[in-house]
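Undergrad: Before anything else, here's the structure in question.
The values are calculated or read from the model by the stated rules, or taken from the named source; none is laboratory data. Since we're looking at a predicted model, the values are computed, not measured. Glycine also receives a Cβ, built like all others from the backbone with ideal geometry; neighbour counts cover every protein chain displayed. To get the accessible areas, we keep the full protein, side chains included, count just its heavy atoms, and leave off ligands, DNA and RNA. Shrake-Rupley method; radii C 1.70, N 1.55, O 1.52, S 1.80 Å.
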Amino acid sequence: MSSNMTSSAEYKPPATAAGAATGSHGTTAANSSTMASPQQQQQQQQLPNHAQAPHSPNLPSRIASVMIMGLTGVLSRTFLYGFNDIEVKGLDRFKQLLDSREDPERRERGLLTVSNHISVLDDPVVWGVLPLSYAFNPNNLRWTLAAHDICFANPTFSAFFTAGQVLPCHRLKHSPHGGLFQPSLTQAIRLLSSQPFTQPGFSPAPLTSPVTSLSTPSAVDIPDPFTIGTLTYSTTGSDSHPAPSIYTRNRHSWVHVFPEGLVHQHPQVDLRYFKWGVARLILESEPAPDVVPMFIDGTQHVMNEERGFPRFLPRIGKKIRVAFGEVVDYEREFGDLRRRWRREVERVRQQEEKAEAAAKATKGNELVTVESSSKPRLLGDLPEQLKYSEEAQQIRIECARRMREQVLKVRRELGGYEESDPNFGEASTWAPDRKVKAEKYKSRVDGSEINQD
């Protein structure tokens with residue numbers, strides 16, 4: 001570790017006006033236990049005085065990650081190549097990309113891989129196609145998101161999947177904390193980016209009050225870890241998870257997502273519409289990430305949703321195909337959308353400045369200072385207008401549609417499949433049947449098994 005990097009015990013965010021008014025950061029931290037709620041006390045692990053972000057987690061956390069990621073890679077590769085017939089396309093090109101990213105200090109942008117989702121085993125089993133030389137280097141392996149209600153259901157699961165570089169994702173059917181703007185998506189955006197997490201178009205000054213990260217009627221204020229000097233973040237206001245993006249070694253990381261949002265086992269391996277979270281990763285990460293589409297086939301036969309006893313055992317002797325596409329030409333495919341997004345950000349910023357100036361003229365500077373301190377400044381935190389304006393929503397819809405076309409392109413190049421049904425790419429096609437209360441049922445669209453949609 002270089003001398004200009006600090007340990008995780010030394011991190012402190014930049015001083016704010018509020019912090020200066022109350023004395024040193026250490027004093028503020030000491031007083032927080034008397035001012036914060038029990039939930040905030042559980043989450044906030046205030047740290048001593050230093051300006052730089054920590055380089056990496058503590059040694060036990062790093063060892064746990066190496067062991068879990070490494071052994072999972074060994075088991076996945078053994079299963080794929082020892083018990084199944086595996087076909088891989090584009091792997092050499094993808095390995096060259098990973099090799100170019102091995103040193104975090106030399107990375108210039110994040111890596112986003114995007115694929116269809118046809119089995120509960122897609123992740124981690126498909127990563128068994130990577131040689132074992134990659135398996136024990138988690139710093140150059142993927143981060144992903146997984147269902148909070150399954151993978152983070154208890155402390156043991158939570159510790160395991162956290163070490164396995166998984167972020168907890170709430171699903172709206174099972175949690176009021178789900179949706180497009182939950183804190184784990186903010187973490188994913190920042191993992192693809194690098195510090196300082198200054199959002200283009202907004203002031204670089206850090207926040208002095210918590211950010212409201214949820215949009216449900218029962219939303220609570222969830223502090224952003226970069227604004228209060230912690231190594232953890234919360235997805236509900238009461239839970240606590242390590243914040244991987246706070247460590248500088250995780251700059252411009254690799255993030256993998258399944259934008260269909262659930263296992264979809266179509267007979268011709270066709271794709272559902274892509275949910276709009278993938279658009280946030282593509283458009284809001286700084287700078288724009290390298291985007292690699294992927295296509296997976298065969299794992300639906302390994303763990304079919306309709307499998308019988310013994311249900312927990314994967315089936316063997318199956319033909320599995322994994323294809324890596326080329327790095328997407330970002331400017332050609334998404335450049336216009338990113339420019340539209342920047343224009344919308346600028347429009348909202350100007351609108352906020354006008355509102356603040358008007359309030360300053362009528363209400364006084366003190367009140368305006370309190371109001372303006374709640375405006376998001378950090379990457380991934382959006383004001384309400386950038387969440388829900390018509391333009392913002394249309395940009396995300398089109399971005400997700402284009403990303404889906406990139407995955408379909410890899411499917412087409414792999415060969416052997418019917419052309420995709422154009423209606424499958426529309427969210428309206430897959431509107432849930434509100435009459436269905438079961439967590440597992442047949443899709444009225446294509447007869448595929450829907451499990452915990």
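Undergrad: Quick check: anything in the range 273-290 of a type in the set (D, E, K, R), under 30 Å from SER420 (Cβ atoms) and in contact with a strand residue (DSSP E or B) (Cβ under 6 Å, 6 or more places away or on another chain)?
TA: There is at least one residue in the range 273-290 that is of a type in the set (D, E, K, R), under 30 Å from SER420 (Cβ atoms) and in contact with a strand residue (DSSP E or B) (Cβ under 6 Å, 6 or more places away or on another chain).
Undergrad: Also, I was wondering about something else. Every residue in the range 238-263 that is touching a Lys or Arg at 6+ places or on another chain (Cβ under 6 Å), buried (at least 24 other Cβ atoms within 10 Å of the Cβ) and either aliphatic (A, V, I, L, M) or at pLDDT 95 or above (or both), please.
TA: Passing the criteria: only TRP254.
So that you can scan it fast, the table gives a plain yes or no per residue for (1) at pLDDT 95 or above; (2) of a type in the set (A, V, I, L, M); (3) in contact with a strand residue (DSSP E or B) (Cβ under 7 Å, 6 or more places away or on another chain):
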{"position": "LEU111", "(1), (2), (3)": "yes, yes, yes"}
{"position": "VAL129", "(1), (2), (3)": "yes, yes, yes"}
{"position": "SER133", "(1), (2), (3)": "yes, no, no"}
{"position": "CYS169", "(1), (2), (3)": "yes, no, yes"}
{"position": "LEU172", "(1), (2), (3)": "no, yes, no"}
{"position": "SER175", "(1), (2), (3)": "no, no, no"}
{"position": "GLY201", "(1), (2), (3)": "no, no, no"}
{"position": "THR208", "(1), (2), (3)": "no, no, no"}
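Undergrad: Any idea how many residues of the range 295-324 are surrounded by fewer than 23 Cβ atoms within 10 Å (Cβ to Cβ), within 29 Å of LEU185 (Cβ to Cβ) and touching a strand residue (DSSP E or B) at 6+ places or on another chain (Cβ under 8 Å)? Step through it out loud before you land on a result.
TA: The initial filter retains those residues of the range 295-324 that are surrounded by fewer than 23 Cβ atoms within 10 Å (Cβ to Cβ), namely 297-298, 301, 303-319, 321, 323-324.
Checking the rest, the ones that are also within 29 Å of LEU185 (Cβ to Cβ) come to 297, 303, 305, 323-324.
Keeping just the survivors that are touching a strand residue (DSSP E or B) at 6+ places or on another chain (Cβ under 8 Å) gives 297, 305, 323-324.
Number of matching residues: 4.
Rundown of residues vs (1) touching a Ser or Thr at 6+ places or on another chain (Cβ under 8 Å); (2) among the basic types (Lys, Arg); (3) over 15 Å from LEU191 (Cα atoms), yes/no style:
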{"site": "GLY237", "(1), (2), (3)": "no, no, yes"}
{"site": "PRO242", "(1), (2), (3)": "yes, no, no"}
{"site": "PHE258", "(1), (2), (3)": "yes, no, yes"}
{"site": "GLN268", "(1), (2), (3)": "no, no, yes"}
{"site": "ARG280", "(1), (2), (3)": "no, yes, no"}
{"site": "LEU283", "(1), (2), (3)": "no, no, no"}
{"site": "VAL292", "(1), (2), (3)": "yes, no, yes"}
{"site": "VAL327", "(1), (2), (3)": "no, no, yes"}
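Undergrad: Right, here's the next one. Regarding ARG342, is this residue modelled with pLDDT of 90 or more, open to solvent by 90 Å² or more (accessible area, probe 1.4 Å), more than 28 Å from ARG272 (Cβ to Cβ) and assigned to a helix (DSSP H, G or I)?
TA: yes
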